[in-house]
Amino acid sequence: MTEEATVVPLVIPKVGSVVVHTGNIVHWNRLKRKANETPTTEITESVGSTFRSIIDATDKNQLQYQTELTCNNNKFIETLPEEERGDLKLTVKIFLCSLLPAEHLKEATNKALKELNVSFIETVLLALPEFEDEDDLTLDVIKPYWTCLEELVDSEAVLSLGIADLNKSLLEQLYNWARVKPHINQVNLESCCVMPKDLVEYAKDNDIQLLTHNDPRDILPTKSFQELISSNTTEKDGEGWDPLWVLRYSVLVKCRGIIKTKGYIMKGYRDTKKRK
């Protein structure tokens, strides 16, 4: 006589969209102890902890019927005091996990504005997804996203724009085409230990800041996101998920040069109809 396999009930069987707000992780003691943590590990831990806290605190019967899940780490979500706003600089970096419709940039930006209770962001940086062939990243790929960001500048929700990991040729093409010129180009020193001379000269001639960073292109791998879901629900619950975008915000105290606030907002999606 064979034993029947135990059927584990799904925790979030109908959820097809999840948005996670980590709040200010500067105050997370366990993250402070990990000074050399990679950006991906930091995101995975902070997003996973927030997701877990909501799953644990939400009525399990209620979860059976939800189609969307918003996970707010209310303990750490902090608005920026209006009386201090002039002393603070808010920078947002949006990582697209795939070539999504450009409107996702506005959705992400608006969530940051609302969470921090501010009317504008000093700088928004765009990080495009990783391409198997770098030649596939062209100006035509960038154009719809940049146009969307320019509209945010027009509405005064954003003051300046930047982008990550463009070589001199692409940066020049973008600069010549764009109505709102790129103010910053971030360069990953893991892939380029010395700034290319032509890039440095072009940036200097056109008043573009070259800043270094250590963010991987694939900031939140699909497998990592699925494991994050399944480890806090069931293995089946974790199937089919894709991260859409990750937004990181940081607030700098201008006169002191220290980070006052840093947090993540991310959105994931799965097609629940395909799972049936």
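The values are calculated or read from the model by the stated rules, or taken from the named source; none is laboratory data. All figures in this text were calculated on a predicted structure; none of them were measured in a lab. Cβ atoms come from the backbone with ideal geometry, glycine included; neighbour counts cover every protein chain shown. What goes into the accessible areas is simple: the full protein's heavy atoms, side chains included, and nothing from ligands, DNA or RNA. Shrake-Rupley method; radii C 1.70, N 1.55, O 1.52, S 1.80 Å.
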Legend entry - Residue pairs meeting the criteria (Cβ under 6 Å; at least 6 apart or on separate chains; first surrounded by fewer than 18 Cβ atoms within 10 Å (Cβ to Cβ), in region 102-113; second part of a helix (DSSP H, G or I)): ALA102/PRO144; ALA102/TYR145; ALA102/CYS148
Inset, instruction - Would you mind stating whether ASP237 is open to solvent by less than 30 Å² (accessible area, probe 1.4 Å) and under 16 Å from LYS93 (Cα atoms)? - result: no
Legend entry - Flag for ILE229 being within 13 Å of the chain's Cα centre (by Cα), surrounded by 16 or more Cβ atoms within 10 Å (Cβ to Cβ) and among the β-branched types (Val, Ile, Thr): no
Inset, instruction - Can you give me the number of residues within region 144-191 that are over 21 Å from SER98 (Cα atoms), open to solvent by less than 30 Å² (accessible area, probe 1.4 Å) and part of a loop (DSSP other than H, G, I, E, B)? - result: 4
Inset, instruction - Filter region 207-223 down to the residues that are under 30 Å from MET195 (Cβ atoms) and over 14 Å from the mean Cα position of the chain (by Cα), then identify the one that is surrounded by the most Cβ atoms within 10 Å (Cβ to Cβ). - result: ILE208
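Conditions tested, residue by residue: (1) touching a residue at least 40 places away in the same chain (Cβ under 8 Å); (2) among the β-branched types (Val, Ile, Thr).
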{"position": "ASN176", "(1), (2)": "no, no"}
{"position": "ARG179", "(1), (2)": "no, no"}
{"position": "HIS183", "(1), (2)": "yes, no"}
{"position": "GLU190", "(1), (2)": "no, no"}
{"position": "TYR202", "(1), (2)": "no, no"}
{"position": "ASP218", "(1), (2)": "yes, no"}
{"position": "LYS223", "(1), (2)": "no, no"}
{"position": "THR233", "(1), (2)": "yes, yes"}
{"position": "LEU244", "(1), (2)": "yes, no"}
Inset, instruction - For ARG52, work out the one condition from (1) outside any strand (DSSP E or B); (2) open to solvent by less than 60 Å² (accessible area, probe 1.4 Å); (3) out of contact with any helix residue (DSSP H, G or I) (no Cβ under 8 Å at 6 or more places or on another chain) it doesn't fulfil. - result: (2)
Legend entry - Residues located in region 162-199, provided they are at pLDDT 95 or above and of a type in the set (Gly, Ala, Ser): GLY162, ALA164, SER169, ALA178
Inset, instruction - Inspect all residues belonging to region 234-255 and state whether any of them is in a helix (DSSP H, G or I), more than 28 Å from PRO81 (Cβ to Cβ) and over 20 Å from the mean Cα position of the chain (by Cα). - result: no
